[in-house]
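Throughout, read-outs are computed from the coordinates displayed, never taken from laboratory work. None of the values given here were measured: they were computed from a predicted structure. No Cβ is skipped: glycine too gets one built from the backbone with ideal geometry, and neighbour counts run over all protein chains shown.
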Amino acid sequence: MARMRQPVTGRDRFRYRFDNFMSKGPIALVGALFVASLLVIVIGGALIYAFGVAPLDDGQRPGLLATIWAAAMRTMDAGTLGGDSGSRLYLALMLLVTLGGIFIVSAFIGVLNSGLEAKLDELRKGKSRVIEENHTLILGWSPQVFTIVSELCAAAENQPGGTCIVVLADRDKVEMEDEIETKVPDLRGSRVVCRNGSPIDLDDLDLGSPEVARAIVVIGPQDSDDPDASVIKTILALVGHKPRESGKHHIVAEIRDLKNRIPARMVGRDQVELVMSSDVIARIAVQTCRQSGLSAIYTELLDFGGDEIYFHKKHGLAGKTFGDSLDAFEQGAVIGLRDAAGKTQLLPKMDAVLAAGDELIVIAEDDDKISAAGSVPKVDETKLRLADPKPREPERTLILGWNGRGATVVSELDKYAMPGSELTIIADDDAPGEDIDGLEAELVNHKVRTVKGDINDRRVLDAAGVSGFQHVITLSYADKRGVQEADAITLVTLLHLRDIEEKNGETFSVVSEMLDARNQKLAEITKTDDFIVSENLISLLLAQLAENKALGAVFEDLFDADGAEIYLKDAGTYVATGEPVDFYTVVEAARRRGEIAIGFDIADKAGKRAPKLNPKKGDRVTFAEGDRVVVIADN
């Protein structure tokens, strides 16, 4: 049986309208309290006036307005009632007015307090839109944020007022601000603004004002099983729904898995510079294992604390050859060209003629510190040593540990090796063998052997004959273990390797992949030749590309086995050792071999080595046996 609807009473209608009115928030409540207080004051004053019970003032009764004003004072200040005198009816009416005022004022204070708390809570959540222009917008959250923020602040240190960096991530605004303040205490005059929101939500994306941002950095969320999916969705939202007000977006994004490169390029089109993090780390690991000290050079070029790579327009060298430009600057190492069409080339031919629109690619401390040379001193021909380099031979390389970058490492190693080289991989499961099976058709220079074993077990390392290898690479178990556990395994392995070196009296280069930069400090006691802190290097690269997206082509060439790369070569094959020579002479020696000298690696008094890039060409240096020259070369 259908239930009859209850009749709607006047009380129900009033209550419904009252509920709707109250739901409008603090502004409606304040308005209602104002009307209520006005009614209490007017009605109370009118009754007192109508009954004529107000005390005489100079023998006369106060008027209506004066009576209403007196009622208003009792409403606002309850203490005023204590000084009243008059008839009982007058005092009773004033008491009622005062009690109504106490109730209304108390409610008013409560509403204001609740409204302020709600507003502060809203501000704490970071849900207001950022009103900035030409800022750098970081979308997503991971430990990389701290390095990126620090580097962007360093890059803007010389700018008046620094820069504004906006971080939009699905995290609490205050927590993000506190973490950034702790990890990056010195912003060097720049500002960081955090907002809470999902970068893949179009409404939340508006909070960061991406349409007027100077650059946008997209990183995968820290706690996601598939960070690339979030990055691709964010790029799609930026390019498809939030077009830039003028020109195109300047977007830099990290993609971890190579298989996601194609869809990321499809959605990003020509507005996104992709950093394939696994590929970059694998290439750097391979290059570094063959040349100790190379990781320090890459870190120097990627961070903003020393020398970086710049494009120099006002060089005044149009009509001259590229070779002439190498010693055209007292401070600044020229490494390549970018033509008017934007095509980048490292190590062009020395006789290539510079056109008016060409830009020089220069390593310098800052773009305003690229200083032209005065009179170039005549090269002392007696100091030149143009000896042929030693012929390359097959090598033996050992990889300890395995992760998703392993297959790329093996593929890149094969490009550098001579035919007949050997590669042994030791890991705690069968993953290396499965990955190598997929690469077997590509490998032409290596004979690969995989061994299942615990790389922390000394017996496994002794059985492998570690001292018989020229190069050792330790890969972190990043895919299967937590950051600290994976780094702990690497640290123990490094201790075993150094003990084997000391006991056998033999040396081999060791390159170690670390996940947490803090653990690098602990690992220094192992005297490892090079550390590659994965997240840190990628963060530095993202910051560089955020400042200048055109640098992507430069670093792509440097990291590619088929292009010009950085090498550290025996100084004795370039110039005389044991006697001082200026760096102009070193540059000339490299130029005659079709190379570019950009620095040197010499030992200090304590025997420690630290590569020096972009030295003043007029400074003199004395090379000893074992010292090296840092060059850009094809091989």
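With no solvent and one point on each alpha carbon, what is the Debye value of log10 I(q)/I(0) for the stretch 136-249 at q = 0.10, 0.15 Å⁻¹?
The Cα Debye sum returns log10 ratios of -0.28, -0.63.
Could you order the peptides 10-16, 380-386 from most to least packed, using the average number of other C-beta atoms within 10 Å per residue?
Highest mean packing first, the order is 380-386, 10-16.
For Cα pairs less than 8 Å apart in space and 6+ apart in sequence, what is the mean separation divided by the residue count of the chain, i.e. the relative contact order in percent?
With pairs under 8 Å counted, the relative contact order is 11 percent.
Calculate one ³J(HN,Hα) per residue across the stretch 495-505 by plugging θ = phi - 60° into the Karplus curve 6.51 cos²θ - 1.76 cosθ + 1.60, and present them in order as whole Hz with x for glycine and proline.
4, 4, 4, 5, 5, 5, 4, 5, 6, 8, x
Mind checking the angle between helix 406-416 and the chain's longest principal axis? C-alpha axes, 0 to 90 degrees, to the nearest 10.
40 degrees
So if we plug the beta-carbon distance of M266 and A50 into 1/(1 + (r/R0)^6) with R0 = 60 Å, what FRET efficiency do we get, rounded to 0.05?
After rounding to 0.05, the efficiency reads 0.15.
Search the structure for amide H atoms under 5 Å from the amide H of K320, placed 1.01 Å from N in the peptide plane, and list their residues when 5 or more places away or on another chain.
The answer is L354.
Considering amide H positions built from the backbone, and no H for Pro or chain starts, which residues 5 or more places from I598, or on another chain, come under 5 Å of its amide H?
Here the answer is V630, V631, I632, since their amide H atoms fall under 5 Å of that of I598.
Report the full-extension gain for the segment A373 to S114: residue separation times 0.36 nm, less the Cα-Cα distance, to one decimal in nm.
Result: 86.4 nm gained on full extension.
Have a look at the stretch 453-557 and give its Rg and Dmax from the Cα atoms, expressed in angstrom.
My reading of the Cα-based Rg and Dmax gives 16.1, 50 Å.
Karplus couplings for the stretch 299-305 from phi (6.51 cos²θ - 1.76 cosθ + 1.60, θ = phi - 60°), rounded to Hz, Gly and Pro as x?
Working through the residues one at a time gives 4, 4, 6, 8, 8, 9, x Hz.
What FRET efficiency would be calculated for the residue pair K313, E157, taking the C-beta separation as r and a Förster radius of 35 Å, to the nearest 0.05?
Efficiency at R0 = 35 Å is approximately 0.95.
Report the Cα-based extents of the chain along its three principal axes, largest first, to the nearest Å.
122, 71, 50
Can you list the residues, at least 5 places off or on another chain, whose amide H is less than 5 Å from the amide H of G220, using H built in the peptide plane?
E254
Taking the number of other C-beta atoms within 10 Å as the exposure measure, put W141, W69, W402 in order starting with the fewest.
If I rank by nearby Cβ atoms, fewest first, I get W69, W141, W402.
Let me know the charge dipole size of the stretch 270-347 about its Cα centre in debye, to the nearest 20, where only the beta-carbon of Lys, Arg (+1) and Asp, Glu (-1) is charged.
240 debye
Among G240, V286, V252, which residue has its Cα furthest toward the positive end of the charge dipole of the stretch 215-315, with +1 on Lys/Arg Cβ and -1 on Asp/Glu Cβ?
So the residue we want is G240.
Under the Karplus relation 6.51 cos²θ - 1.76 cosθ + 1.60, θ = phi - 60°, what is the ordered set of whole-Hz ³J(HN,Hα) values for the stretch 470-479, x standing for Gly and Pro?
Per-residue couplings from phi come out as 7, 10, 10, 10, 9, 9, 6, 7, 5, 7 Hz.
For the ranges 510-519, 176-185, what's the packing order if you count other beta-carbon atoms within 10 Å of each residue, average per peptide, and put the highest first?
510-519, 176-185
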